[in-house]
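Trainee: One structure follows; several queries about it will come next.
The values are calculated or read from the model by the stated rules, or taken from the named source; none is laboratory data. Given the structure is predicted, the values throughout are model-derived calculations rather than measurements. Cβ coordinates were reconstructed from backbone atoms using ideal geometry, including for glycine residues, and neighbour counts include every protein chain displayed. The protein model used for the area step is the full one, side chains on, heavy atoms only, and it has no ligands, DNA or RNA in it. Shrake-Rupley method; radii C 1.70, N 1.55, O 1.52, S 1.80 Å.
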Amino acid sequence: MGSQPGVQCSVLALAVYLALVSDRPELFSSALWRITHSVRHDIPRWTHPATLEKERLSEFVPPTSLEANRLKKSSWGVLFTGIVGGTLVAVYAVATPFITPALRRICLPFVPATTKQIENVVKMLQCRRGPLVDIGSGDGRIVIAAAKEGFTAVGYELNPWLVWYSRYRAWREGVQASARFYISDLWKVTFSQYSNVVIFGVPQMMAQLEEKLELELKDDAWVIACRFPFPHWTPAQVTGEGLDTVWAYDARAFRGRDGRP
């Protein structure tokens, strides 16, 4: 009843009337106390504006936290994409020089020389002198072994990673002064200045390489073929078995076959 002002006024008027008629003023006092007490409880409690603002702010969830989470996820996404992209680029840069030989007309893949093959090559070089070249030098094993035997040795290799690694190995073995490596295509190099030629070839290239060496080498040259022999030349010496077989050819012999001077 205290929440309805019209009713409260009516009760107060009735209390005044009864007090006057019955000559009992306590009825008026009692009614007035009840009404004022009810009104006091119905009035909302006054709160300071600063307190209300604090309560409002405490209930408010700022969007900055959501934005921060979104930015954090976005940063991780960019970082992950960068790592994957960088890895793919690195793999491509390293793998391409090893894969591209398979795409050429004559495939000459990198296959490291075995310890026995190196021993057989060194055996064929006994009593030989003069500069040596390894055609397709790979990781530099033959060139470094020849340099240790006192030869001035050069390796030509198309794969830049293998050339850089070969230079590092020569430095580590202490023969960097007499073992040199160059990035080059064997078909674009002239071998006339070398007295000893070593080749780890494949059957598809040996006939064409025969013609090139016949035209360029001097008569005192010595050609050593590993894994596969030349198809038309007659070897002066053969050593080893299976894939470790090494064939040695004398330039005077294969030039005398077709009447070259």
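Trainee: Restricting attention to region 178-204, which residues are closer than 15 Å to W247 by Cβ and open to solvent by less than 40 Å² (accessible area, probe 1.4 Å)?
Mentor: Those that are closer than 15 Å to W247 by Cβ and open to solvent by less than 40 Å² (accessible area, probe 1.4 Å): N196, V197, V198, I199, F200, G201, V202.
Trainee: Of everything in region 114-163, what is surrounded by 22 or more Cβ atoms within 10 Å (Cβ to Cβ) and in contact with a Lys or Arg (Cβ under 7 Å, 6 or more places away or on another chain)? Give them in sequence order.
Mentor: Listed by number, the residues that qualify are G140, I144, V154.
Trainee: Moving on to the next point. Determine, yes or no, whether D250 is in contact with a Lys or Arg (Cβ under 6 Å, 6 or more places away or on another chain) and acidic (D, E).
Mentor: No; evaluated as a whole, the condition is false for this residue.
Trainee: Can you find a residue in region 243-251 that is open to solvent by 70 Å² or more (accessible area, probe 1.4 Å) and either within 27 Å of T114 (Cα to Cα) or part of a strand (DSSP E or B) (or both)?
Mentor: Looking through region 243-251, at least one residue is open to solvent by 70 Å² or more (accessible area, probe 1.4 Å) and either within 27 Å of T114 (Cα to Cα) or part of a strand (DSSP E or B) (or both).
Residues checked against (1) under 16 Å from V122 (Cβ atoms); (2) in contact with a Cys (Cβ under 6 Å, 6 or more places away or on another chain); (3) at pLDDT 95 or above:
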{"residue": "A146", "(1), (2), (3)": "yes, no, yes"}
{"residue": "F151", "(1), (2), (3)": "yes, no, yes"}
{"residue": "A170", "(1), (2), (3)": "no, no, yes"}
{"residue": "G174", "(1), (2), (3)": "no, no, yes"}
{"residue": "D185", "(1), (2), (3)": "no, no, no"}
{"residue": "P203", "(1), (2), (3)": "no, no, no"}
{"residue": "F228", "(1), (2), (3)": "no, no, no"}
{"residue": "G240", "(1), (2), (3)": "yes, no, no"}
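Trainee: Let me ask another. When residues of region 141-167 are filtered for being among the hydroxyl-bearing types (S, T, Y) and over 14 Å from Y194 (Cα atoms), how many remain?
Mentor: Final tally of qualifying residues: 2.
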